[in-house]
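A.B. asks: Please find one structure pasted underneath; my questions will follow.
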């Protein structure tokens, strides 16, 4: 009689190795985030050495460099970290929920709803300050996301129905936005700067106002990692594992609305971060949301801060808004994906 070797020790060893690699990837992401934050504080139209940045943060002496670092670049960097984390988590939740690796948080109508609410606030109510229409943007994002969920079937929503409903709501709302902008040139002028997506000229008070919503959305998204993982296996499997499909979908929509609605309200619609980072992170950590979402939370602000720094230095002394930079990078990603798919079909 020959003894049969059990594969359990090998599997356990592989699991430990994979967990170690994933943990190392998260630590690398944190190190890159610190480096990106330092770069954001030091680099711009006026370059400031890191030792002077450190002095400005810890022991300011009232110099011009101190004012630049503390009053302009520090709020911009902190907002970039918060918004990047929110967009990354929102994208990870959205792609897992719809089982579509190319889904974007905008699929829920968040960007379109925020834009429609801001246009209405500017044109109808005459509100022109960022702080003034911050809450209109957030409310518009929430209403649009709720409408998409309802049109997608509510408790019976499926990924395909959500995608179709999101496309319809986006088209209707962006048509409304474009029509109102053409009708009211003052609204067009006010919206032009906000709608491109930017971290520049953003007050730290805006971040303080919206931070509780972003934190609540982040906590909810991370708490949904396990049920989302079960849902990714299919509804029947999820129910067999004791996961409430309806509750998971509703809470996921709430999390994406809080995260991306808050981020859009502060900085305008910054596209492709929620698409690129989950797609790239999945290559290294796999599709398990318990790893994918933390990866998104760490690496998305790195990409956003680096994109913002690139926009500052490409055409000095002018700046390219970060929304334009991320759109360019997102376009390159789509070209790469199309070429990959064509190559796979040959």
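A.B. asks: Can you tell me the relative contact order of the chain? Whole percent, Cα pairs under 8 Å, sequence separation 6 or more.
C.D. replies: Values: 512 pairs, mean separation 96.5, N = 346.
Relative contact order of the chain: 28 percent.
A.B. asks: Checking the a/c ratio against 1.5 first, then a/b against b/c, what shape does the Cα gyration tensor give for region 127-210? Don't skip to the answer; put the middle values down first.
C.D. replies: On the way: a/c = 2.79, a/b = 1.57, b/c = 1.78.
Verdict is oblate for region 127-210.
A.B. asks: Can I ask one more? Tell me, 205, 104, 66 in order of fewest to most beta-carbon neighbours within 10 Å?
C.D. replies: Working: 205 12, 104 25, 66 18.
By the 10 Å Cβ count, ascending: 205, 66, 104.
A.B. asks: Which residue, 128, 63, 283, has the most motion in a Gaussian network model of the chain that connects Cα atoms within less than 10 Å?
C.D. replies: With Cα springs under 10 Å in the chain, the top fluctuation among 128, 63, 283 is at 63.
A.B. asks: What 222 nm value per residue comes from the helices of the chain, counting each DSSP H run with n ≥ 4 as -39,500 (n - 2.57) and dividing by all residues, nearest 500 deg cm²/dmol?
C.D. replies: About -26000 deg cm²/dmol.
A.B. asks: How would 248, 167 line up from fewest to most surrounding beta-carbon atoms within 10 angstrom?
C.D. replies: Lowest count first: 167, 248.
A.B. asks: Using a Gaussian network for the chain with springs between C-alpha atoms less than 10 Å apart, which of these wobbles most: 18, 202, 99?
C.D. replies: 18
A.B. asks: How long is the gain from residue 72 to residue 13 if the chain were fully straight, where each residue apart is worth 0.36 nm and the alpha carbon distance is subtracted?
C.D. replies: On the way: separation 59, 0.36 × 59 = 21.24 nm, distance 4.91 nm.
Extra length from residue 72 to residue 13 when fully extended: 16.3 nm.
A.B. asks: Also, I was wondering about something else. Determine the distance separating the Cα centre of region 265-326 from the Cα centre of region 116-155; give it in Å without decimals.
C.D. replies: 24
A.B. asks: Let me ask something additional. Taking other Cβ within 10 Å of each residue's Cβ, how do 201, 226 sort, fewest first?
C.D. replies: So the residues, fewest neighbours to most, are 201, 226.
A.B. asks: Any chance you could run the full-extension gain for residue 284 through residue 200? It's 0.36 nm times the residue separation minus the Cα-Cα distance, nm to one decimal.
C.D. replies: Net length gain for the segment: 27.0 nm.
A.B. asks: Connecting C-alpha atoms closer than 10 Å in a GNM of the chain, tell me which of 95, 181, 52 has the biggest fluctuation.
C.D. replies: 52
A.B. asks: Rounded, prolate or oblate: which one fits the chain, using the alpha carbon gyration tensor with axes a ≥ b ≥ c (rounded when a/c is under 1.5, else prolate when a/b beats b/c, else oblate)?
C.D. replies: On the way: a/c = 1.98, a/b = 1.24, b/c = 1.60.
Since a/c reaches 1.5 but b/c is at least a/b, the shape of the chain is classed as oblate.
Readers should treat all values here as calculations from the given coordinates under stated rules, not as data from a laboratory. Given the structure is predicted, the values throughout are model-derived calculations rather than measurements. Counting neighbours? That spans all protein chains shown, and the Cβs are built from the backbone with ideal geometry, glycine included.
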